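Below: one structure, written as structure tokens.
A short reminder: the numbers here are calculations on the coordinates, not readings from a lab. Worth saying up front: this structure is predicted, and the values here are computed from it rather than measured. For neighbour counting, all protein chains shown are included, and Cβ atoms are generated from backbone atoms with ideal geometry for every residue, glycine included.
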Amino acid sequence: MKKFTRDTKFSKFKMENISVQEKTENRLIDAINTGAEGRLIIYKPPKGAVDADLVVEVRGGYKTKPYNFKVICFSGRKEQNFVKDFSQESFKTDKNLFLIFAYFDTVAQKLDDNVWLVPSIDFADTAEVIKQDDGENLLRFNSSKFSKFLMNKADVADFLMEGFKTKGKFVFKNKGGEEKRELNLENLKEFIAEARRNTYASSSTGVDNPRLLESVQMEFQKRDFFYRDIYFLGDKKFIGQEIVYQNSKPVWGMGYIGDVISKLEEKFLKEALLELSSKCRFGGTFEHIKREYKYQDKGQGNIEDFSGEEKIFVENKQIYRLSYNGGLLSK
């Protein structure tokens with residue numbers, strides 16, 4: 001018997017030359033096949049056969065029309081708010097056509113656990129219309145606006161099977177997190193701390209088109225939580241607010257106003273905010289000291305209802321103060 005050996009160098013070369021788009025499609029096929037447990041057939045159609053990247057059929061279900069998928073892949077920084085524009089004029093809708101938005105981690109070489117599965121008809125109805133100077137209109141996918149359609153990739157197969165059984169009567173409740181959930185305060189606090197670490201404290205750049213004129217707007221999303229920080233910067237003061245949404249519903253907020261300081265002093269402030277991200281600006285008293293610099297946060301309350309002040313001292317002389325207050329928007 002002839003024994004076949006694997007050329008590992010050649011295999012590695014082939015894997016490295018597969019595009020991120022193709023890797024994403026392959027991982028989606030694996031996820032749906034695993035969840036389907038033999039009930040579904042998913043494959044890449046021949047080029048030109050249909051305007052789709054993936055096709056899903058019921059095994060043995062010759063009376064059911066297949067579902068077609070356009071796969072939109074995001075890569076790069078996961079913490080950014082994912083945005084994709086489509087030409088409104090050329091965008092086609094069909095009850096059996098879906099858009100599936102997914103994030104592929106190019107470092108870990110893996111597909112994120114959560115994807116956005118959006119029926120094309122719902123997308124056309126939900127997407128923001130962006131008017132261009134040349135008269136063309138764009139339909140915008142903004143991940144913060146589509147949390148209703150967010151689901152774990154392991155649940156996609158069951159979701160599609162239910163659609164086949166009900167002849168397309170899809171129910172996104174309990175799939176994309178549309179239902180009202182009890183807010184876990186510990187998870188909320190961890191998310192806010194992570195969002196702060198990945199936005200202002202890490203010197204992240206703001207979004208290109210902030211909602212408010214002349215403002216700086218920073219955003220961070222993870223699972224069903226979405227964070228937005230908007231502030232205005234003057235010559236002497238800055239003023240702003242943080243808002244956290246869960247499934248597109250605002251659940252927590254904080255307002256603040258503080259002193260403008262030099263770049264060197266601001267660098268120390270960001271260092272302190274990174275170091276104390278899970279503690280500061282939630283109520284309580286904390287300090288961070290480095291050489292002649294001292295950061296101090298004196299607050300009261302907890303994440304549900306809090307207020308306080310943070311200050312920076314250089315050789316015991318106060319050079320910065322910020323006042324803040326915030327809490328849950330509903331019990």
**Asked** Just the Cα atoms of the chain: what Rg and Dmax do they give in Å?
**Response** 24.1, 84
**Asked** Rounded to the nearest 0.05, what FRET efficiency is calculated for Ser90 and Glu22 with R0 set to 41 Å and r the Cβ-Cβ distance?
**Response** 0.95
**Simple Cβ-charge dipole of the chain, Lys/Arg +1 and Asp/Glu -1, about Cα centre, in debye nearest 20** = 1160 debye
**Asked** Give or take rounding to whole Å, what are the principal axis extents of the alpha carbon atoms in the range 185-328, in descending order?
**Response** 46, 32, 20
**Request:** For the range 34-115, compute Rh as the Kirkwood radius over C-alpha pairs and then the Stokes-Einstein diffusion coefficient at 25 °C and 0.890 mPa s; write the answer in µm²/s, rounded to an integer.
**Result:** 165 µm²/s
**Complete:** Listing Thr166, Thr126 by rising number of other beta-carbon atoms within 10 angstrom, fewest first, gives Thr166, Thr126
**Asked** Under unit Cβ charges (Lys, Arg +1; Asp, Glu -1), what dipole magnitude, rounded to 20 debye, does the range 30-143 have relative to its Cα centre?
**Response** 520 debye
**Prompt:** Given Cα pairs under 8 Å that are at least 6 residues apart, what percent is the relative contact order of the chain?
**Reply:** 10 percent
**Message:** Please arrange Phe104, Phe286 by how many other C-beta atoms lie within 10 Å of their C-beta, fewest to most.
**Reply:** Phe286, Phe104
**Complete:** Taking Met254, Met218 and counting other beta carbon atoms within 10 angstrom, the fewest-first order is Met254, Met218
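If you stretched the chain out fully between Glu186 and Ser144, how much longer would it get, using 0.36 nm times the residue separation minus the C-alpha to C-alpha distance? Don't skip to the answer; put the middle values down first.
On the way: separation 42, 0.36 × 42 = 15.12 nm, distance 2.17 nm.
Residue separation times 0.36 nm, minus the Cα-Cα distance, leaves 13.0 nm.
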**Message:** Between Ser330 and Glu271, what is 0.36 nm times their sequence separation minus the Cα-Cα distance? Round to one decimal in nm.
**Reply:** 18.0 nm
**Message:** Tell me the net charge near Lys279. Cut-off is 14 Å between Cβ atoms, Lys279 excluded, with +1 for each Lys or Arg and -1 for each Asp or Glu.
**Reply:** -2
**Item:** Total formal charge among the other residues, if their Cβ is under 15 angstrom from that of Phe86, Lys/Arg +1 and Asp/Glu -1
**Value:** -3
